[in-house]
Amino acid sequence: MPPPLHSMTGFARVRRPLADGEIVVSVKSLNHRGLDVQVHAPSSADPFEAAIRAMIKSRVARGHVEVRVTLPAASTNGSGWNRTLVDDYLKAFREAAAAHGIEAAPDLNAAFRIPGVFGEAAEAEAPAGAETALLDALTVALEELNVFRAREGAEIAEEMRTHNDRVAAAAGQMEQIRTGASAAFQNRLNERLKELLNTAQIEPQRLAQEAAILADRSDIGEELARLKIHSAQLAALLDTGGEVGKKLDFLLQEMNRESNTILSKTGGIGEAGLKITELALEAKAAIEKIREQSLNLE
């Protein structure tokens, strides 16, 4: 069974109990050109960050991934605030008031607004068993995230197949019209050759070169063949699964190029040309829809 297609968007949250509370791990992924991992966790979890990043890289190939970790509050001085920092503030306040002859009382509310008063102590450590519980929670969260991404990826792929079928159908119809309009293509070529002969004296070799160029510019057979091949490659790529986002990007550029070339060649052949133009525009619209969806795939 081929690996699933993954979208780059998803979310999962897992909780694990600890003696003093619980660990909460949430993982959110969004679209991104490469793999961008951001870990938001208390400083007490710093020793585990390398393991967190390695686990993510082994399960996610592409996307912006945010990991948020909540740990039970680590103990500091037993009161939850930085006594030393507040004492230093009050001492400095009184010394400054005395030095300038100002009668004023320090504001405790202002002291508690000082950055770091209620922050973690520098030496804070994670609770016992936190690493095991954290990595276990992250493992489950990534599994749930990938289930979510695979389900969404399958839905995206199905929509892309529908649009790709439209491209293949349009290419088939254009090929039929081209076959029936071969006389019109030949007439246009003959007219341009006559114009070329009437403009100036031209050497036979140069005439042959110009005729070859005009013939190439007057027929869409090669473009249609390549468009059909690319459409088949796209369908096969979706069936193969796995990491397809960057491959799709290149393939869709080629399909769009062929459609543009077809549009540039279909003028001046009457009703057949108008119909081919209409079908080529339909193919371009379908290719653009596929491209929009491909941006969501890993």
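Read-outs throughout are calculated quantities, based only on the coordinates presented, and are distinct from any laboratory measurement. What you see is a predicted model; the values in this text were computed from it and never measured.
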>> Cross-link candidates for K284: which aspartates and glutamates have Cα within less than 13 Å, leaving aside residues fewer than 8 places away along the same chain?
In response: D165, E254, E258, E292
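As a test of the definition: which semi-axes, in Å, follow for region 1-89 when you take the square root of five times each eigenvalue of its alpha carbon gyration tensor? Largest first, please.
Numbers: eigenvalues 244, 45, 22 Å².
Equivalent ellipsoid of region 1-89: 35, 15, 11 Å, largest first.
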